[in-house]
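Below is one structure, written out as structure tokens; the observations come after it.
The values are calculated or read from the model by the stated rules, or taken from the named source; none is laboratory data. It should be emphasised that the depicted structure is a prediction, and the values quoted were computed from it without experimental measurement. Every residue, glycine among them, receives a Cβ derived from its backbone with ideal geometry; neighbour counts consider all protein chains shown.
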Amino acid sequence: MLILLPPSEGKTAPRRGKALDLAALSFPTLTETRARVLSHLVDLCRDDPTKAAETLGLGPKQLDLVERNADLLVAPTARADAVYTGVLYDALDAASLSSAAKRRATSRVAVASALFGLLSPADRIPAYRLSGDATLPGLGGLAAQWRPVLGEAVAERVGGGLLVDLRSGMYANLWRPAPADAGRVAGVRVLHEHAGKRKVVSHFNKATKGRIVRALLEAGATPRTPAALAEALRDLGWHVEVGEPGARGTELDVVVTEV
């Protein structure tokens, strides 16, 4: 099983640590593309901060993020699961996982990244700012860079197991599984039910996904089909409804009434 997580816009900048080493990151088939995207981002932010801020969608009070990107090659690094912050990562709370669950996370969890493609939670990265919908001058849209290489990287890691895709739409657009693999792909949608009505609420969605990943890692669950994942989640206490299989996999609706 491989669980794909979205990154977070907010990140905690490491205060100390060695500089980025692309060759040391997981998913080594992505190294060449990582280097290319990184080079364009650093050059843009170093040489034309005004254009960089516009490209990255940053306001006048966020120019420190442009400076941060300009220094990515020399900035200190930390584990990816410590750099990424926000509701999902707070709920996952990787630092407090048991030793066994942390080991499972290293091989069963990957974070989608506009800059690095895919990351293991243990990979050491600097804090950066780059969204999946950015278009870098001289490089173009990021999807054109990542789509040709992410499929192979995912296939090598997931093998014949289940791919649990928890990415947000922006990062799902960087690469989607082929329809031929749809039977081994499960998505999860979190619905908040109140007064008999259901809707997707961002906070509930992110928090519940973080808790789901945490519970699966602690339980050591290894479902190999979407139906088996649904059963595993029910065993862990969630109300799960299974949708019809489609070209992009099977979507599971997890219905919650409180965060």
Could you tell me whether the stretch 84-105 includes any residue that is among the basic types (Lys, Arg) and touching a helix residue (DSSP H, G or I) at 6+ places or on another chain (Cβ under 8 Å)?
yes
Restricting attention to the stretch 12-39, the residues that are closer than 12 Å to residue 124 by Cα and free of Cβ contacts under 8 Å to residues at least 12 places away in the same chain number exactly 1
Selection from the stretch 246-259 of residues farther than 19 Å from residue 175 by Cα and not hydrophobic (A, V, I, L, M, F, W, C) yields 253, 257, 258
Filtering the stretch 65-94 down to residues that are within 27 Å of residue 203 (Cα to Cα), charged (D, E, K, R) and surrounded by fewer than 18 Cβ atoms within 10 Å (Cβ to Cβ) yields 90, 93
Of all helices (runs of 4 or more DSSP H) fully inside the stretch 155-259, the set with 2 or more residues that are surrounded by 13 or more Cβ atoms within 10 Å (Cβ to Cβ), at pLDDT 95 or above and touching a helix residue (DSSP H, G or I) at 6+ places or on another chain (Cβ under 8 Å) is 202-219, 226-235
Taking the stretch 213-246 and keeping only residues that are without any contact (Cβ under 8 Å) to a residue 60 or more places away in the chain and basic (Lys, Arg), one is left with 234
When the stretch 185-212 is checked residue by residue, the ones that are touching a residue at least 60 places away in the same chain (Cβ under 8 Å) and closer than 17 Å to residue 249 by Cβ are 185, 186, 187, 188, 189, 190, 209
Residues in the stretch 54-86 that are in contact (Cβ under 8 Å) with a residue 12 or more places away in the chain, assigned to a helix (DSSP H, G or I) and either under 19 Å from residue 24 (Cβ atoms) or among the charged types (D, E, K, R) (or both) total 6
When every residue in the stretch 4-46 that is more than 16 Å from residue 79 (Cβ to Cβ) and polar (S, T, N, Q) is compared, the one surrounded by the fewest Cβ atoms within 10 Å (Cβ to Cβ) is 29
